[in-house]
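Asks: Please read through the structure below; I'll follow up with questions.
The values are calculated or read from the model by the stated rules, or taken from the named source; none is laboratory data. Values in this document were obtained by computation on a predicted structure and should not be read as measured data. All Cβ positions, even for glycine, are placed from backbone atoms using ideal geometry, and neighbour counts span all protein chains on display.
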Protein chains: 2
Amino acid sequence: MNRRELLQLTSAAALTTFAPAIAEAVSPTNHPATPQYDAFELVLEGPSSGNPFMDVTLSATFTLDHRAVTVDGFYDGGTTYRVRFMPDTIGQWSYATTSNLPALSSKSGTFTCTAARAGEHGPVAVARTRHFAHADGTPFFPFGTTCYAWVHQGAPYEQQTLDTLAYGPFNKIRMCIFPKSYEYNHNEPEFYPFPRAAGTPISSPGDTTRFDPAFFHHLEQRITDLRAIGVQADLILFHPYDRWGFATLDAETHGRYLRYTVARLAAFSNVWWSLANEFDLVRSKTTADFTNLLHIVQRYDPYQHMRSIHYSHTMYDYASPAVTHASIQTYDFAQAPAWLAAWNKPICYDEMQYEGDLPSRWGNLTGQEMTRRFWLAIVNGCYPTHGETFLTHPDAAQTDNEKIWWSHGGKLSGSSPARIAFLRKLLESMNTSGLDASPNPYYLNATGPSASDPKGPPGSILYYMDQHQPVQYIFPLPEGASYKAEIIDPWEMTITPVEGTHTGKTKLILPKKPAQALRFTRVRTADPVKG
Amino acid sequence: MNRRELLQLTSAAALTTFAPAIAEAVSPTNHPATPQYDAFELVLEGPSSGNPFMDVTLSATFTLDHRAVTVDGFYDGGTTYRVRFMPDTIGQWSYATTSNLPALSSKSGTFTCTAARAGEHGPVAVARTRHFAHADGTPFFPFGTTCYAWVHQGAPYEQQTLDTLAYGPFNKIRMCIFPKSYEYNHNEPEFYPFPRAAGTPISSPGDTTRFDPAFFHHLEQRITDLRAIGVQADLILFHPYDRWGFATLDAETHGRYLRYTVARLAAFSNVWWSLANEFDLVRSKTTADFTNLLHIVQRYDPYQHMRSIHYSHTMYDYASPAVTHASIQTYDFAQAPAWLAAWNKPICYDEMQYEGDLPSRWGNLTGQEMTRRFWLAIVNGCYPTHGETFLTHPDAAQTDNEKIWWSHGGKLSGSSPARIAFLRKLLESMNTSGLDASPNPYYLNATGPSASDPKGPPGSILYYMDQHQPVQYIFPLPEGASYKAEIIDPWEMTITPVEGTHTGKTKLILPKKPAQALRFTRVRTADPVKG
């Protein structure tokens, strides 16, 4: 723990104890009401001299009744300091600041937290062990996509990405904070995280004792834009694709970057933390280094947003409490039951190759295969992530800055997104908090509890027949409940109801076609036998 | 060892030593010439009293120059005894019999072995460790199919199966000797292996101290029929699908059955031994029991035909010298390299599910998926086996004796056989003794040695892109040799030549389509650099 951390902890502890007294002792500021799960922001004036990023500590404790939540503030350039806080409870909150500068210290006041805006369900957390839900209890089924460097492409292109996302099937996006240097990714970004004096060489990260507020203003705008269209920002905090030196800074600088980033961004309800993409390819850090960095986020995020880390070859130990869920790179679905049992937390298949036509093995799946992998993830009780990697022309591998969704965003041209939308809608219409894979399935299937009778027979059962095409099959539905049946064509996106209701062993005639699905929806508990 | 076995061994050993003298001492019989790899048959008259199956021992030793091969004879009903021998070398062979009956003993003579019939290449053996070749050196690539009970369907249906095989892509058939009792397999066969007196209950195997020659005459006719159309008979000696008690006889009876069967059938060049289908489902026997039975076949088969055993859930130890190759039930191709390394012998993917539409998971693949699995086996350096399980109507699961290729033979209606024929022809035109999977392939590929320069760069390289559809890829061809390239569509069955010849890293533009293949054929060693 460094000096600033020590100072902060001491102050925070003190404030937690004395906060109510302080809140009453000073005049409340006249703040506008903040809807639940939006960010309340306290703006303070302070000095710009020296290096406030390094020299000034600032935090505030927010209290409501018996609860007190301490959050970091941050310097935002000029004479501006800010403290952001996301209230999770309706009512009148009080706050009081603490700082090593008298000018920023002991500022206190109140604000009213009102009902959430329509469509705002609060941050996502783990629910029912292996699933997700928003803070208000709304189930959240991640249907992610990947646009690593989309916030580094300039406003017109970024707007196009947002337009695509607004109408697409995706409710989570995997995105890097640092700019990316990799195949097809050779542009310089408009914004850099650290200030760069004129003539800063390309291989320099800039002045890493400071942050560039413009960089974060831009990033915050994009997170806000995503929040407005209902998309979770799965923020990748480190990655190995780097020509500026952002990946190889010392541990203290990286820790300072994490605390500053958490202080600025944690109050956005749609933030997820991905400590790294392909952490094991960052050669300057060990796994233990990354665990330490995970612990920093774990310690300073007041809301405990979803938190994970993603690997290339060497899997992170997802049983660790440092992560809230697994973020895996594989398309091995047969292992899902064992991993779910071992880790006992949700699994996101965050990289299972991409629809496209790149030369690289990971970037040239058909839309059919991408659609298939989405279904396989779902019926294995896990959550899938999409990516798209089409080249506009075959020789583009040698062309700089070819725009590819997986990295730059833009427009989608693949055939899987429509099918992913269909699957997401199907799942969301099932009135379930999540599907769990059936053990020892003969055909892959998953069941979800009934919303109205969560301890009774399953409310929903979803089968995916994959490469199998039985012309008939006897489905072992639970006894003691009635189900309606639908035959689903995941590619043609059709739902064909089967007549009647069914209970127990149910023989259905099926289309002689692979990759079909069946949905059984509980309509009522079966009538008791009359005696 | 029982008394008869002891007697036989002693006689055989004595004959081996004294055979040349005996051959000179008696008048040679006037036998017609026997082509190489055909069966020479010595017919002897003997007693029919008592139980000759149990009471009479008969064997003969065949000699040519320094070699002596002893084979079992057998009683064939009435007063007929036979000794069959498959000569593998052209020349004049001598023989002399030994028996515990003077009437069958010391019969000797000669016959001439002439050149093999056109199209007869001799029995198959392991070649180049993980591949197969006929005795005359012709490479053999097994492209098998499965018709478990086809010889138990009656003459008209059996003829239809033969007609289908004659024009189909298959050069090996997995078939049971005992009749089969299983789903869709409820008919009584025309022939039983053991005599059944009038009124024998269905659950009785009959008189197991005798064999029914008519059963074996019929079976031999079918093996001969298969040999005539170039199909290996992969004979399944035991299986668990039984309502007659054939699977649960005592060890001595089973051992006698094996020796009798080997004595009758081993002289057919196209015989393979599969000790059991799904041996681990035969509950009356342990793995050790099956190993003992394998050892009986291993000991008494003079030609050491291909010999394996097939499992359901528990894999046999294919590293054992009791088996010449692995006969596996799985469609896990990712394990193939490890298994090939561990067992160091050929692998047949003998059951990788079937093209069809049955309710059962193993019986309802699309033709596309069956075709895909054939390709995956080949580019993993292994050999695939087909099966087809189409119901003629959806309610047939409850109908007895629905005819299904996988069990009854008949006609094929699937879409994979044409594609399998295409792949087999492709492989056979590659002038290779077999393809070995490339280690750590980025895309699956296998290489085969050049026939004219077996120690030089590969003569053939076959890529299978599976679900990948790169629009271009740089293929790492060997330096120092030139290759022509062809783009292959395994489903459309097209071969599209690419212009020019190629060496080293070769970039090709590919169709934007999954499941494409590439064949590179060495045209010459690259011209040496002139200095």
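Asks: Out of segment A:191-220, which residues are closer than 15 Å to A:GLU158 by Cα and either out of contact with any helix residue (DSSP H, G or I) (no Cβ under 9 Å at 6 or more places or on another chain) or at pLDDT below 95 (or both)?
Replies: Answer for segment A:191-220, where residues must be closer than 15 Å to A:GLU158 by Cα and either out of contact with any helix residue (DSSP H, G or I) (no Cβ under 9 Å at 6 or more places or on another chain) or at pLDDT below 95 (or both): A:PHE215, A:HIS217.
Asks: Also: So in segment B:312-358, with the set limited to residues that are in contact (Cβ under 8 Å) with a residue 40 or more places away in the chain and among the hydroxyl-bearing types (Ser, Thr, Tyr), which one is farthest from B:GLU388 (Cα to Cα)?
Replies: Here the residue is B:THR324.
Asks: Now for a different question. Of the conditions (1) outside the structural domain of B:ARG174 (by TED's automatic domain parsing); (2) crowded, with 23+ Cβ neighbours inside 10 Å; (3) out of contact with any Pro (no Cβ under 7 Å at 6 or more places or on another chain), B:THR146 satisfies every one except a single condition; which number is it?
Replies: That leaves (1) as the condition not met.
Asks: Considering only segment B:473-490, I want to know if a residue exists there that is outside the structural domain of B:MET370 (by TED's automatic domain parsing), at pLDDT below 95 and surrounded by 21 or more Cβ atoms within 10 Å (Cβ to Cβ).
Replies: The answer is yes; a qualifying residue exists.
Asks: Related question: So which of B:ASP242, B:ASP301, B:ASP250, B:ASP280 is more than 25 Å from B:ILE202 (Cβ to Cβ) and over 18 Å from the mean Cα position of the chain (by Cα)?
Replies: Details: B:ASP242 fails: more than 25 Å from B:ILE202 (Cβ to Cβ); B:ASP301 fails: over 18 Å from the mean Cα position of the chain (by Cα); B:ASP250 fails: more than 25 Å from B:ILE202 (Cβ to Cβ).
Residue meeting the stated conditions: B:ASP280.
Asks: Here is a follow-up. State all residues of segment B:196-215 that are over 17 Å from B:ASP242 (Cα atoms) and not aromatic (Phe, Trp, Tyr); if no residue qualifies, say none.
Replies: B:ALA197, B:ALA198, B:GLY199, B:THR209, B:ARG210, B:ASP212, B:PRO213, B:ALA214
Asks: Considering only segment B:49-104, state which residues are farther than 25 Å from B:GLY122 by Cα, among the aliphatic types (A, V, I, L, M) and either in contact with a helix residue (DSSP H, G or I) (Cβ under 9 Å, 6 or more places away or on another chain) or assigned by TED's automatic domain parsing to the domain that holds B:ALA263 (or both).
Replies: Within segment B:49-104, B:MET54, B:VAL56, B:LEU58, B:LEU101 meet the criteria.
Asks: Go through the residues of segment A:275-287 one by one and say whether even a single one is touching a helix residue (DSSP H, G or I) at 6+ places or on another chain (Cβ under 7 Å), assigned by TED's automatic domain parsing to the domain that holds A:PRO189, under 24 Å from A:ALA133 (Cα atoms) and in contact (Cβ under 8 Å) with a residue 24 or more places away in the chain.
Replies: Yes: one or more hits.
Asks: Restricting attention to segment B:457-474, report how many residues are over 10 Å from B:ALA517 (Cα atoms) and more than 9 Å from chain A (Cβ to nearest Cβ). Even if it seems obvious, please write down each step before you answer.
Replies: Of the residues in segment B:457-474, the ones over 10 Å from B:ALA517 (Cα atoms) are B:457-461, B:467-474.
Narrowing further to those that are more than 9 Å from chain A (Cβ to nearest Cβ): B:457-461.
So the answer is 5.
Asks: What is the residue count in segment B:475-486 for residues that are within 14 Å of chain A (Cβ to nearest Cβ) and hydrophobic (A, V, I, L, M, F, W, C)?
Replies: So the answer is 1.
Asks: So is B:MET430 under 24 Å from B:THR496 (Cβ atoms), among the aliphatic types (A, V, I, L, M) and part of a loop (DSSP other than H, G, I, E, B) or not?
Replies: Against the criterion (under 24 Å from B:THR496 (Cβ atoms), among the aliphatic types (A, V, I, L, M) and part of a loop (DSSP other than H, G, I, E, B)), B:MET430 qualifies.
Asks: Of all residues in segment B:487-512, how many are part of a loop (DSSP other than H, G, I, E, B) and more than 12 Å from chain A (Cβ to nearest Cβ)? Please lay out each step first, then the result.
Replies: Our first condition is that a residue be part of a loop (DSSP other than H, G, I, E, B); within segment B:487-512, this holds for B:490-493, B:498-501, B:503-504, B:510-512.
This time we only want the ones that are more than 12 Å from chain A (Cβ to nearest Cβ), so: B:490-493, B:498-501, B:503-504.
Summing the residues that are part of a loop (DSSP other than H, G, I, E, B) and more than 12 Å from chain A (Cβ to nearest Cβ) in segment B:487-512 gives 10.
Asks: Kindly indicate whether any position in segment B:83-96 is more than 19 Å from B:ASP38 (Cα to Cα) and charged (D, E, K, R).
Replies: no
Asks: For segment B:436-463, name all the residues that are over 19 Å from B:ARG522 (Cβ atoms) and among the hydroxyl-bearing types (Ser, Thr, Tyr).
Replies: B:TYR442, B:TYR443
Asks: Then there's this: One residue is enough: does segment B:438-456 have a residue meeting the conditions touching a Phe, Trp or Tyr at 6+ places or on another chain (Cβ under 8 Å), within 14 Å of another protein chain (Cβ to nearest Cβ), assigned to a loop (DSSP other than H, G, I, E, B) and of a type outside the set (Val, Ile, Thr)? Outline the logic, then answer.
Replies: At the first step, the residues of segment B:438-456 found to be touching a Phe, Trp or Tyr at 6+ places or on another chain (Cβ under 8 Å) are B:443-445.
Restricting the remaining residues to those that are within 14 Å of another protein chain (Cβ to nearest Cβ) gives B:443-445.
Okay, now just the ones that are also assigned to a loop (DSSP other than H, G, I, E, B), so B:443-444.
The next check asks that each one be of a type outside the set (Val, Ile, Thr); those that pass are B:443-444.
Checked against the condition, which is being touching a Phe, Trp or Tyr at 6+ places or on another chain (Cβ under 8 Å), within 14 Å of another protein chain (Cβ to nearest Cβ), assigned to a loop (DSSP other than H, G, I, E, B) and of a type outside the set (Val, Ile, Thr), segment B:438-456 yields at least one hit.
Asks: Of all residues in segment A:225-263, how many are assigned to a helix (DSSP H, G or I) and either touching a Phe, Trp or Tyr at 6+ places or on another chain (Cβ under 7 Å) or among the aliphatic types (A, V, I, L, M) (or both)?
Replies: Residues that pass the stated criteria total 11.
Asks: Return only the number of the condition from (1) under 24 Å from B:LEU365 (Cβ atoms); (2) away from chain B (no Cβ under 14 Å); (3) surrounded by fewer than 17 Cβ atoms within 10 Å (Cβ to Cβ); (4) touching a Ser or Thr at 6+ places or on another chain (Cβ under 9 Å) that A:VAL523 does not satisfy.
Replies: With (1) under 24 Å from B:LEU365 (Cβ atoms); (2) away from chain B (no Cβ under 14 Å); (3) surrounded by fewer than 17 Cβ atoms within 10 Å (Cβ to Cβ); (4) touching a Ser or Thr at 6+ places or on another chain (Cβ under 9 Å) applied to A:VAL523, the lone miss is (1).
Asks: Could you tell me which numbered condition A:ILE173 fails, if it satisfies all but one of (1) in contact (Cβ under 8 Å) with a residue 24 or more places away in the chain; (2) in a loop (DSSP other than H, G, I, E, B)?
Replies: It fails just one condition, (2).
Asks: So, one more: Just wondering, is there one or more residues in segment B:119-134 that are in a loop (DSSP other than H, G, I, E, B) and either of a type in the set (A, V, I, L, M, F, W, C) or touching a Lys or Arg at 6+ places or on another chain (Cβ under 6 Å) (or both)?
Replies: no
Asks: Considering only segment B:409-418, how many residues are surrounded by 23 or more Cβ atoms within 10 Å (Cβ to Cβ) and either part of a loop (DSSP other than H, G, I, E, B) or in contact with a helix residue (DSSP H, G or I) (Cβ under 6 Å, 6 or more places away or on another chain) (or both)?
Replies: 3
Asks: Continuing with this model, one more query. I'm checking my understanding of the structure. Among residues of segment A:297-311 that are in contact (Cβ under 8 Å) with a residue 40 or more places away in the chain and closer than 23 Å to A:ALA135 by Cα, which one is surrounded by the fewest Cβ atoms within 10 Å (Cβ to Cβ)?
Replies: So the residue we want is A:GLN304.
Asks: Let me ask something additional. Filter segment A:338-372 down to the residues that are more than 8 Å from every other protein chain (Cβ to nearest Cβ) and charged (D, E, K, R), then identify the one that is farthest from A:ASN440 (Cα to Cα).
Replies: Per the stated criteria, the residue is A:GLU355.
Asks: Okay, moving on. Among (1) on the phi < 0 side of the Ramachandran plot; (2) touching a residue at least 12 places away in the same chain (Cβ under 8 Å), where does B:GLY245 come up short?
Replies: Failing condition for B:GLY245: (1).
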